[in-house]
Amino acid sequence: MLSLAAGDLQTPLMEGMDWQRFAELVSKNRLEPLVAVGIKKLPQETVRRIPGSETYAKVKNSLALLSMRQIQTLACVMSDFAAHGIRALSFKGPLLALDLYGNPELRYSHDLDILIARTDFPKACERLEANGFQEEITVLNKTEKRRRKVEGPMGIIHTKFFRGDLCIELHWKISHRIAESFDAFWERRSQKKLLGQTIHCLGDLDNISYLICHAAGHGYMRMRWLVDLYILLQRPDLNWLALYQDMKRKGIQEMLLETLFLLYRCPRFAMPPVDNSLFSIGREDGRVRFRYREDLQADYEHALALAETVWPMMLMTDEERQRSSQSRKYGVLLPVDGKRQSWLEILISFFRPGEVDFQRFDFPDSLYFLYYVVRPFYRVWRMTPFYHPQE
């Protein structure tokens, strides 16, 4: 799957391939378009050995219309925001697909992500509603107290708006991992043209650090994110020293090293060696060799712990992750707002209610305190083999 998605056409098909499992993984990781392109480049006799290969091409083609509508919507919404004095930054979505693959169909998204200042949120909501979008009411924001409570650490940082099958995810914070103001991102913004409109986007270093944070923060549950980073981190003009220093300033430098460990560890990615004044990494004699300056020792150890913990999680289903001790350990290792979590913060998070708790228990705001009572027991229950999500 990764060989096809990454364009490595030299890898032979293994005998005895479980093609049903292959199809499940392609779907789980949302790699149908890239796999379809990879299959198309294979010799016909090889393509005939891949059952259901035409399915991936059909999925890719079905995304063409949605991609064009997303592009038109993004251009219109960003133009409308600018006309009404709302500063907005586009990230991920069709612009990233165009940048990485030259075609928005090859990296489809269910939504359009837009970052705004928290103070502009009410006005941005009004503009989206004026353009026919409606806010999605979920278990997280259906009551005033839930909306206030879950906006804390690891709480909600965005709201979704729908117009038919089009979705906009309006963010007032870019990530749980980065403690950076909107104004700081705005000062470092870049600009791109889309259908004749100027679209403000994250700056180059901010874009890479965010994509790494997003993928690592979700435990690389979609390998498409790793493929994106594989392509992005091979760019010849990439300044590794500047990237590392930028992510260190944000307190997330370990995630950069973790991502490199994963990319070099996976033999399907032909990562070139990286060498700078801080560290070097490459493959030697079939092994990953990482050398680093002495003051990076703590970063190296933290990054290695992250990579070793997340590696077995990458092929797990969502249900397996929920029950896995690996997943819980990984969550503890991840930084929050650019710093390691203290044991007190970890303990408090055990009691803080979240989406799964609201889905199971629908207490009114007057009884909100009950969530702190039932959450620890419900969390333990979810870790047992007796728990099933549909219950």
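Rounded, prolate or oblate: which one fits the stretch 329-391, using the alpha carbon gyration tensor with axes a ≥ b ≥ c (rounded when a/c is under 1.5, else prolate when a/b beats b/c, else oblate)? Numbers along the way, then the final one.
Details: a/c = 2.35, a/b = 1.39, b/c = 1.69.
Here the stretch 329-391 falls in the oblate category.
What is the sum of charges, Lys and Arg at +1 and Asp and Glu at -1, for the other residues whose Cβ falls under 11 Å from the Cβ of Arg69?
Result for the local shell: 0.
Let's see if you can work this out: charge +1 on each Lys and Arg Cβ, -1 on each Asp and Glu Cβ, no other charges. What is the dipole magnitude of the stretch 315-391 about its Cα centre, in debye to the nearest 20? Could you put the intermediate results ahead of the total?
Working: 11 positive and 10 negative charges, 84 e Å.
Its charge dipole is roughly 400 debye.
At a temperature of 37 °C and a viscosity of 0.692 mPa s, determine how fast the chain diffuses translationally according to Stokes-Einstein, using the Kirkwood radius over alpha-carbon pairs as Rh; express D in µm²/s, rounded to the nearest whole number.
Details: Rh = 22.8 Å.
Value of D from the Cα-based Kirkwood radius: 144 µm²/s.
With a 1.4 Å probe and all protein chains kept in place, how do Phe162, Phe363, Phe279 rank by accessible area, largest first?
Numbers: Phe162 75, Phe363 45, Phe279 5 Å².
Sorted descending by solvent-accessible area, the residues read Phe162, Phe363, Phe279.
Any idea what log10 I(q)/I(0) is at q = 0.16 Å⁻¹ for the stretch 163-237, Debye with uniform C-alpha scatterers and no solvent?
Log10 of I(q)/I(0), two decimals: -0.77.
For the stretch 267-288 and the stretch 316-391, what is the separation of their Cα centres, given in Å?
Result: 37 Å between the Cα centres.
Quick check: pseudo-label points 7 Å beyond the Cα along Cα→Cβ at Tyr372 and Glu284, how many nm apart are they?
Computed distance between label sites Tyr372 and Glu284 equals 5.5 nm.
Classify the stretch 297-372 as rounded, prolate or oblate from the Cα gyration tensor: take a ≥ b ≥ c as the square roots of its eigenvalues, call it rounded if a/c is under 1.5, otherwise prolate when a/b beats b/c and oblate if not. Can you show the working numbers first?
Details: a/c = 3.77, a/b = 1.64, b/c = 2.30.
Here the stretch 297-372 falls in the oblate category.
Nothing charged except the Cβ atoms of Lys and Arg (+1) and of Asp and Glu (-1): what's the magnitude of the dipole of the stretch 303-346 about its Cα centre? Round to the nearest 20 debye.
Details: 6 positive and 6 negative charges, 30 e Å.
The calculation lands at about 140 debye.
Excluding ligands and nucleic acids, what accessible area in Å² is computed for Leu370 using a 1.4 Å probe, to the nearest 10?
For Leu370, solvent-accessible area is about 50 Å².
Cross-link partners among aspartates and glutamates for Lys329, C-alpha distance below 12 Å, same-chain residues fewer than 8 apart left out?
Reachable aspartates and glutamates: Glu308.
For the chain, what is the accessible area per residue in Å² when the probe is 1.4 Å?
Values: 19080 Å² over 391 residues.
On a per-residue basis, the chain sits at 49 Å².
Please list, or write none, the lysines whose alpha carbon is within less than 21 Å of the alpha carbon of Lys60, excluding same-chain residues fewer than 8 places away.
Of all the lysines, those that pass the test against Lys60 - Cα under 21 Å, at least 8 places apart if same chain - are Lys28, Lys40, Lys41, Lys92.
How do Met221, Met14, Met68, Met313 rank by accessible surface area computed with a 1.4 Å probe, from largest to smallest? Spell out each step's value before the answer.
Numbers: Met221 40, Met14 110, Met68 90, Met313 5 Å².
Sorted by accessible area, descending: Met14, Met68, Met221, Met313.
What dipole magnitude, in Debye to the nearest 20, does the chain give about its Cα centre under +1 on Lys/Arg Cβ and -1 on Asp/Glu Cβ? Walk me through the numbers on the way to the answer.
On the way: 54 positive and 49 negative charges, 44 e Å.
With only Lys, Arg, Asp and Glu charged at Cβ, the dipole is about 220 debye.
Remind me, what semi-axes does the stretch 12-57 give for its equivalent ellipsoid, largest first in whole Å, using sqrt of 5 times each Cα gyration tensor eigenvalue?
In descending order, the three semi-axes are 16, 14, 8 Å.
Sum up the charges of everything whose Cβ sits under 10 Å from the Cβ of Arg30, counting Lys and Arg as +1 and Asp and Glu as -1, but leave Arg30 out. Intermediate results must be reported in sequence, preceding the final value.
Details: positive: Lys28, Arg107, Arg222, Arg224; negative: Glu32.
Taking every other residue near Arg30 into account, the sum is +3.
Among Gly286, Ala117, Ser27, whose Cα lies farthest out toward the positive end of the dipole of the chain, if unit charges sit on the beta carbon of Lys, Arg (+1) and Asp, Glu (-1)?
Ser27
List the aspartates and glutamates whose Cα lies under 14 Å from the Cα of Lys192, skipping any in the same chain that are fewer than 8 positions away.
Candidates past the 8-residue exclusion: Asp99, Asp204.
Report the net charge of residues surrounding Ile208, where surrounding means a beta-carbon distance below 13 angstrom and charges are Lys +1, Arg +1, Asp -1, Glu -1. Mind dumping the intermediate values first?
Numbers: positive: Lys92, Arg188, Arg235, Lys250; negative: Asp99, Asp204, Asp206, Asp228, Asp237, Asp246.
Result for the local shell: -2.
With a ≥ b ≥ c taken as the square roots of the eigenvalues of the C-alpha gyration tensor of the stretch 275-334, please select rounded if a/c is under 1.5 and otherwise prolate if a/b is larger than b/c or oblate if it is not? The partial results should precede the final answer.
Numbers: a/c = 4.13, a/b = 1.89, b/c = 2.18.
Oblate.
Would you kindly find the accessible area of Val374, with a 1.4 Å probe and non-protein molecules such as ligands, DNA and RNA excluded, rounding to the nearest 10 Å²?
The accessible area of Val374 comes to roughly 40 Å².
Under the rule of at least 5 residues apart or a separate chain, name every residue whose amide H is placed under 5 Å from the amide H of Asp337.
Arg177, Ile178
Among Gly38, Pro51, Met68, which residue has its Cα positioned farthest towards the positive end of the charge dipole of the stretch 1-100, with +1 placed on the Cβ of Lys and Arg, -1 on the Cβ of Asp and Glu, and the dipole taken about the Cα centre?
Of the listed residues, the answer is Met68.
Counting only DSSP beta bridges with both residues in the stretch 73-215, tell me the antiparallel percent, nearest 5. Walk me through the intermediate numbers first.
Working: 17 of 22 bridges.
Here the share of antiparallel DSSP bridges comes out near 75 percent.
The values are calculated or read from the model by the stated rules, or taken from the named source; none is laboratory data. Treat the numbers as computed from the prediction; the structure is a model and nothing was measured. When we count neighbours, we look across all protein chains shown, and the Cβ atoms used for this are built from the backbone with ideal geometry, even at glycine. We work out accessible area using only protein heavy atoms, side chains counted, and drop any ligands, DNA or RNA first. Shrake-Rupley method; radii C 1.70, N 1.55, O 1.52, S 1.80 Å.
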